[in-house]
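This report refers to the structure that appears directly beneath it.
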């Protein structure tokens with residue numbers, strides 16, 4: 001004969017008052033956990049580092065778009081790569097220009113609808129960022145437009161991506177967990193290194 005198992009007591013649902021207090025206790029525990037996390041040295045250092053890196057990456061974006069200083073130089077050697085034929089000008093467009101300056105700078109520039117070939121011993125301008133003096137863009141004496149250096153495109157894309165992802169993670173997480181802080185820190189560090197080293 002099988003022995004009867006003791007029956008489980010029926011679950012009594014919490015009253016509205018008890019449910020309210022359970023929720024409030026959970027909220028208080030979460031607030032205490034957040035306050036304790038914010039008080040740690042790890043949070044203070046990484047949060048400030050993220051703010052500094054966000055500022056630096058914003059500077060990188062601004063230097064690519066507008067804020068750079070122009071330095072004049074003289075063309076020593078030019079090599080052009082041609083693109084599609086333009087029927088309006090009856091010429092092929094210059095797609096890419098490799099310039100060696102008399103100062104020793106070597107620049108590869110992506111161009112758009114440029115038809116005049118820069119000549120040797122002709123003046124041109126290099127747009128450099130203020131902190132590292134990296135060549136970001138170039139401008140010719142015969143054209144008002146400025147053209148980005150070939151390495152500026154990926155650096156700009158990586159920087160924008162890191163900033164957008166960093167702000168998205170912050171919006172979702174508010175830097176209230178270790179994972180969110182470390183993710184943003186890693187993104188910002190890698191993007192900053194990419195801008196500096198490439």
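Please treat every number below as a calculation from the coordinates, not as lab data. Just so it is clear, the model here is predicted, and its values are computed rather than measured. Here the Cβ positions follow ideal geometry from the backbone for every residue, glycine too, while neighbour counts run over all protein chains shown.
Here region 1-97 is treated as a sphere whose radius is the Kirkwood value from Cα pairs; by Stokes-Einstein at 10 °C and 1.306 mPa s it diffuses with a coefficient of 70 µm²/s.
So what is the relative contact order for region 1-149, in percent, with contacts set as C-alpha pairs under 8 Å and at least six apart?
On the way: 189 pairs, mean separation 26.0, N = 149.
Here the relative contact order equals 17 percent.
Summed over qualifying helices (DSSP H, 4 residues or more, each -39500 (n - 2.57)) and divided by its residue number, the chain shows a 222 nm mean residue ellipticity of -16000 deg cm²/dmol.
Against the chain, whose longest principal axis is taken from its Cα atoms, helix 152-173 shows a tilt of about 20°.
Per-peptide packing, taken as the mean over residues of other Cβ atoms within 10 Å, places 74-80, 58-64, 21-27 in the sequence 58-64, 74-80, 21-27 from highest down. Taking label positions 7 Å along the Cα-Cβ direction at both residue 171 and residue 121, the computed distance is 5.7 nm, reported to one decimal. Counting only alpha carbon atoms, the long axis of helix 178-197 and the longest principal axis of the chain meet at about 10°. Residues considered: 54, 138, 35. Largest GNM mean-square fluctuation over the chain, using C-alpha springs under 10 Å, is found at 35.
How much FRET efficiency would the formula 1/(1 + (r/R0)^6) give for residue 38 and residue 96, where r is the Cβ-Cβ distance and R0 is 41 Å, rounded to 0.05? Present the calculation step by step, with values, prior to reporting the outcome.
Working: r = 51 Å, r/R0 = 1.23.
About 0.20, to the nearest 0.05.
Mind pulling the angle between the C-alpha long axis of helix 41-65 and the longest principal axis of the chain? Nearest 10 degrees, somewhere in 0 to 90. Result, in degrees: 30.
Mind pulling up the Rg/Rh value for the chain? Radius of gyration and Kirkwood radius, both on Cα. If you can, show how the numbers build up before the last one.
Details: Rg = 29.3 Å, Rh = 21.6 Å.
My calculation of the ratio gives 1.36.
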